[in-house]
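The values are calculated or read from the model by the stated rules, or taken from the named source; none is laboratory data. A quick note: this is a predicted structure, and the numbers were derived from the prediction, not measured. Note that we place each Cβ from the backbone using ideal geometry, even for glycine, and neighbour counts take in every protein chain shown.
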């Protein structure tokens, strides 16, 4: 995998100047199927519908695999249990970008980023992944026109732990929810009078 970016602007500038092929998303994973697991935030139905519309111009690029609507998600870099009660988080889905092996929508989420320790965590919604190495030129021409897209804003109040079959053939099949964690602060009970 290529170097991790510390800002979306850095990722976009790198993509615009990139000459070497984009990477194959699956190259960094084992060839045999395994059970994938992730902590995610699931976007609202409205955000998912807007993302599907945004995927349409990508359909003509044969080395891209758009994620199905049911599999659209925001991956968290730590267990949701570590975020319990630290939200909810305001997420604004806006601007298309490209990482080394995925087309994404940037998410402006200052409170979520502040709650997470990594400087390279860039909250994003993946629209499509690469299925082989390919030159960026064709994709760049499409993404420049999509760059300023806005998909909406929402409050994330729950993280879910999912499992799913992971292989080149089965990636993005329906996931199974294993755990749900509320990101809302736990309400305190009434204060008891001191004696």
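Among the residues of the stretch 75-126, which ones are closer than 23 Å to residue 20 by Cα and at pLDDT below 90?
120 - this is the single residue of the stretch 75-126 that is closer than 23 Å to residue 20 by Cα and at pLDDT below 90.
Only one residue in 56, 49, 70 is at negative phi, in a helix (DSSP H, G or I), in contact (Cβ under 8 Å) with a residue 24 or more places away in the chain and surrounded by fewer than 16 Cβ atoms within 10 Å (Cβ to Cβ), so which one is that? Let's see the steps before the verdict.
On the way: 56 fails: in contact (Cβ under 8 Å) with a residue 24 or more places away in the chain; 49 fails: in contact (Cβ under 8 Å) with a residue 24 or more places away in the chain.
Of 56, 49, 70, the one residue that is at negative phi, in a helix (DSSP H, G or I), in contact (Cβ under 8 Å) with a residue 24 or more places away in the chain and surrounded by fewer than 16 Cβ atoms within 10 Å (Cβ to Cβ) is 70.
Can you tell me which residues in the stretch 11-28 are touching a strand residue (DSSP E or B) at 6+ places or on another chain (Cβ under 7 Å) and either within 30 Å of residue 84 (Cα to Cα) or assigned to a helix (DSSP H, G or I) (or both)? Working first, answer last.
Step one: filter the stretch 11-28 for residues touching a strand residue (DSSP E or B) at 6+ places or on another chain (Cβ under 7 Å), giving 11-12, 15, 21-25.
Answer for the stretch 11-28, where residues must be touching a strand residue (DSSP E or B) at 6+ places or on another chain (Cβ under 7 Å) and either within 30 Å of residue 84 (Cα to Cα) or assigned to a helix (DSSP H, G or I) (or both): 11, 12, 15, 25.
Could you run through the stretch 141-173 and say how many residues are more than 23 Å from residue 28 (Cβ to Cβ) and modelled with pLDDT under 95? Show your work before the answer.
We begin by selecting, within the stretch 141-173, every residue more than 23 Å from residue 28 (Cβ to Cβ); these are 141-142, 144-160.
In the following step, the residues that additionally are modelled with pLDDT under 95 were identified as 141.
The total comes to 1.
Any chance you could count how many residues in the stretch 124-135 are part of a loop (DSSP other than H, G, I, E, B) and either buried (at least 16 other Cβ atoms within 10 Å of the Cβ) or in contact with a helix residue (DSSP H, G or I) (Cβ under 6 Å, 6 or more places away or on another chain) (or both)? Talk me through it step by step, then tell me what you get.
Taking the stretch 124-135 and keeping what is part of a loop (DSSP other than H, G, I, E, B), we get 131-133, 135.
Now drop any that are not either buried (at least 16 other Cβ atoms within 10 Å of the Cβ) or in contact with a helix residue (DSSP H, G or I) (Cβ under 6 Å, 6 or more places away or on another chain) (or both), which leaves 131.
Qualifying residue count, the stretch 124-135: 1.
Could you please find all residues in the stretch 1-10 being under 13 Å from residue 100 (Cβ atoms) and assigned to a loop (DSSP other than H, G, I, E, B)? Break it down into steps so the answer makes sense when it comes.
So in the stretch 1-10, the residues under 13 Å from residue 100 (Cβ atoms) come out as 1-5, 10.
1, 2, 3, 4, 5, listed by residue number.
Yes/no matrix, rows are residues, columns are (1) assigned to a loop (DSSP other than H, G, I, E, B); (2) under 17 Å from residue 76 (Cβ atoms); (3) free of Cβ contacts under 8 Å to residues at least 40 places away in the same chain:
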residue	(1), (2), (3)
122	yes, yes, no
145	no, no, no
153	no, no, no
161	no, yes, no
164	no, yes, no
186	yes, no, no
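Does the stretch 42-65 contain any residue that is within 13 Å of the chain's Cα centre (by Cα) and either farther than 29 Å from residue 141 by Cα or modelled with pLDDT under 95 (or both)? Spell out the reasoning first.
So the first thing to find is which residues in the stretch 42-65 are within 13 Å of the chain's Cα centre (by Cα), and the list is 42-43, 47-48, 51.
Subsequent filtering for residues that are either farther than 29 Å from residue 141 by Cα or modelled with pLDDT under 95 (or both) retains 42.
Within the stretch 42-65, one or more residues are within 13 Å of the chain's Cα centre (by Cα) and either farther than 29 Å from residue 141 by Cα or modelled with pLDDT under 95 (or both).
Being under 16 Å from residue 156 (Cα atoms), touching a residue at least 60 places away in the same chain (Cβ under 8 Å) and surrounded by fewer than 16 Cβ atoms within 10 Å (Cβ to Cβ) is the filter here; which residues of the stretch 87-119 pass it?
Matches in the stretch 87-119: 90 only.
Suppose the filter is assigned to a loop (DSSP other than H, G, I, E, B) and surrounded by 12 or more Cβ atoms within 10 Å (Cβ to Cβ); does residue 43 pass it?
On the way: assigned to a loop (DSSP other than H, G, I, E, B): yes; surrounded by 12 or more Cβ atoms within 10 Å (Cβ to Cβ): yes.
Yes; evaluated as a whole, the condition is true for this residue.
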